[in-house]
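Just below is one structure, and these are the notes that go with it.
The values are calculated or read from the model by the stated rules, or taken from the named source; none is laboratory data. Small disclaimer: the values here were computed from a predicted structure and weren't measured. Please note: Cβ atoms are built from the backbone with ideal geometry, for glycine as well, and neighbour counts cover all protein chains shown. To get the accessible areas, we keep the full protein, side chains included, count just its heavy atoms, and leave off ligands, DNA and RNA. Shrake-Rupley method; radii C 1.70, N 1.55, O 1.52, S 1.80 Å.
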Amino acid sequence: MANNSNLGAAKAAKNDEFYTQYFDIQKEVNAYLDYNPDTFRDKTVLLPCDDPEWSNFTKFFAQNFERLGLKKLISTSYAVESKKYKNYEPTLFETESPLFDADKTRTKGKIFELTRDTNGSGRIDVDDLEWHYLEGDGDFRSPEVCKLRDEADIIVTNPPFSLFREFVAWIVEAKKQFLIIGNKNAITYKEVFPLIRDNKVWMGPSITSGDREFMVPKDYDTHSPSLRIDEQGNKFIRVPGVHWFTNLEHGRRHQPLKLMSMKDNIRYGKHKEITKKGYPHYDNYDAIEVPYSDAIPDDYSGMMGVPITFIDKYCPEQFEIVGMAKRGAGDPTLRSHIYTIEDYPNYNDLNATPTLWGEDGKLYNTYPRILIRKKQ
């Protein structure tokens, strides 16, 4: 899963177990605390796609239970059979418990809960987790886990990428706050983009570019060049284009972009494409092409098409998101022209995204674009 082809293979195999690094969780959560120290105070946090014995989500929130001021932590896992592990080995934490049942471990999910100091240490932490088997396999869509969702205030996890659309709908249905990891291309999903456009979902603060390394099960089959195996035999792969998706407030999303005028961008800007060609107008949208977020002109009041990476820098006080220029996820009413076979033989392809005229006199597609306007 170090590239899109690996992601596709993971979807086909339903092998979506990617364990987020402790540092990445800590950095993201701390950004919310910097903005509002009470973000998690007196809240019940649910981790519904976890593997509590292995997951850094469970470790982080359990170890920081008192610092965050949590009311309750709930973490659930899938049954081994539902994850299709080839060589699953239960941890000592599980096998040494009087609750351990080898048959249930294969077919039942587990639930871990943390609310109190169970061992008399004087503090509530990871050593106070209590667990038992679920009635079902731990699927987040089951009535059992849906009931836990309804009890929770905030849902935090790295859901299976193959089920990201369905997982977002599952959260939105219950009107919960959340913090989840997904691929940046999820921005363009027809199930996700309207939430971003309507300011109901936005990007988290700690990841703006680059990739992240995830641990995968030891039986994970991958030939990715980014595969790393540590001294203990643990496997790690680097995944590009991952982002935090959330509806928790943080300060970075209210920081406006520093912009220059259209004239200054053309004369003095750092992008040769703009200094040479300026800001061409699309043939099929009433908007100009702005291929770089830092080249958005501050004196243009019309509609502009910007790359999806703009969402990392989106300030709702500075810009209005009008729509998505992409077939399937876009609003067809935003188009100024829809191509037909009478226009061009490749009319269907041209309708996929915004188009620009090339120097050879032919029309070419851009990448998918987010259509924005600058607020006055």
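For the stretch 261-285, filtering for residues that are touching a Ser or Thr at 6+ places or on another chain (Cβ under 9 Å) and buried (at least 20 other Cβ atoms within 10 Å of the Cβ) leaves 4. Quick one: would you say residue 158 is open to solvent by 40 Å² or more (accessible area, probe 1.4 Å) and under 10 Å from the mean Cα position of the chain (by Cα)? No: the conditions fail for residue 158.
Of the strands (runs of 3 or more DSSP E) that lie entirely inside the stretch 286-376, those containing 3 or more residues that are open to solvent by less than 20 Å² (accessible area, probe 1.4 Å) span 304-306, 319-325, 369-374. Within the stretch 233-257, restricting attention to residues that are among the polar types (S, T, N, Q) and modelled with pLDDT of 90 or more, the residue that is most open to solvent (accessible area, probe 1.4 Å) is 255.
Going residue by residue through the stretch 170-182, is there one that turns out to be open to solvent by 20 Å² or more (accessible area, probe 1.4 Å), in a helix (DSSP H, G or I), closer than 29 Å to residue 372 by Cβ and β-branched (Val, Ile, Thr)? Within the stretch 170-182, one or more residues are open to solvent by 20 Å² or more (accessible area, probe 1.4 Å), in a helix (DSSP H, G or I), closer than 29 Å to residue 372 by Cβ and β-branched (Val, Ile, Thr). Scanning the stretch 33-70 for residues that are over 19 Å from the mean Cα position of the chain (by Cα) and in a strand (DSSP E or B) gives a single hit, 44.
Looking at 312, 286, just one residue is charged (D, E, K, R) and either farther than 17 Å from residue 363 by Cβ or modelled with pLDDT under 95 (or both), and that residue is 312.
Restricting the search to the stretch 158-186, which residues are in contact with a helix residue (DSSP H, G or I) (Cβ under 8 Å, 6 or more places away or on another chain) and of a type in the set (Gly, Ala, Ser)?
162, 174, 182, 186
Is it the case that the stretch 42-54 has a residue that's modelled with pLDDT of 95 or more and open to solvent by 10 Å² or more (accessible area, probe 1.4 Å)? Yes, because at least one residue in the stretch 42-54 is modelled with pLDDT of 95 or more and open to solvent by 10 Å² or more (accessible area, probe 1.4 Å).
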